[in-house]
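Accompanying notes for the structure given below.
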Amino acid sequence: MVSLARQILTFGGVGALGFLVDASVFTLVNFFAQDLYLSRIVSYLAAASATWFLNRTFTFADSGRPAAQEWRRFVLLQTGGGAVNYGAYAILVSVSAFFNANPIGAIAAGSIVGMGVNFLTAKFLVFKPAK
């Protein structure tokens, strides 16, 4: 059994890597789409998939659930944190000229705001060991 402190630290490290995926995919998609909102949805889904894999492997390795079932559960249940994340992002890019011109900062802010919700959901609902 991994300690709560270690899970929180590992989850934070995975979140940092997820942010890099999020920002990279956003930059690529937005280059072609030129749509701050659509690009963010695509990048969030890519980041959620990457963080699911990394959290499954490193943070909550003892869940014992089948991978496909767990990924679906993760994406579905992370929508709460994702909504908080996207909401903070959307508000920042729509009301702030700075964040509209620098959306990666808004992605970072949204990621930080949604992290607490996502950790609790992941720990207690997604990666809870199967009985």
Exercise for review: Pick out the one residue from 42, 84, 93 that is in contact with a Leu (Cβ under 6 Å, 6 or more places away or on another chain) and more than 27 Å from residue 2 (Cα to Cα).
Suggested key: 93
Check your understanding: So which pairs qualify, if the first residue must be in region 2-23 and over 17 Å from residue 48 (Cα atoms) and part of a helix (DSSP H, G or I), the second must be modelled with pLDDT of 95 or more and of a type in the set (S, T, N, Q), the Cβ gap must be under 8 Å, and the two must be at least 6 apart or on different chains?
Key -> none
Review point. Looking at region 32-56, which of the residues that are crowded, with 19+ Cβ neighbours inside 10 Å and among the aliphatic types (A, V, I, L, M) is modelled with the lowest pLDDT?
Key: 48
Point to revise | Sole exception among (1) surrounded by fewer than 19 Cβ atoms within 10 Å (Cβ to Cβ); (2) part of a helix (DSSP H, G or I); (3) of a type in the set (Gly, Ala, Ser) for residue 61, by number | key: (2)
Exercise for review: Test residue 14 against the stated conditions and say whether it is of a type outside the set (Gly, Ala, Ser) and either touching a Phe, Trp or Tyr at 6+ places or on another chain (Cβ under 6 Å) or under 23 Å from residue 3 (Cα atoms) (or both).
Suggested key: yes
Review point. Does residue 29 satisfy the condition of being assigned to a helix (DSSP H, G or I), over 15 Å from the mean Cα position of the chain (by Cα) and either polar (S, T, N, Q) or surrounded by 13 or more Cβ atoms within 10 Å (Cβ to Cβ) (or both)?
Key: yes
Check your understanding: Residues that are under 18 Å from residue 12 (Cα atoms): which helices (runs of 4 or more DSSP H) entirely in region 70-131 hold 3 or more of them?
Key -> 79-95, 103-121
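The values are calculated or read from the model by the stated rules, or taken from the named source; none is laboratory data. Quick caveat: nothing in here was measured; it's all calculated off a predicted structure. A quick note on method: Cβ atoms are made from the backbone with ideal geometry, for glycine too, and the neighbour counts reach across all protein chains shown.
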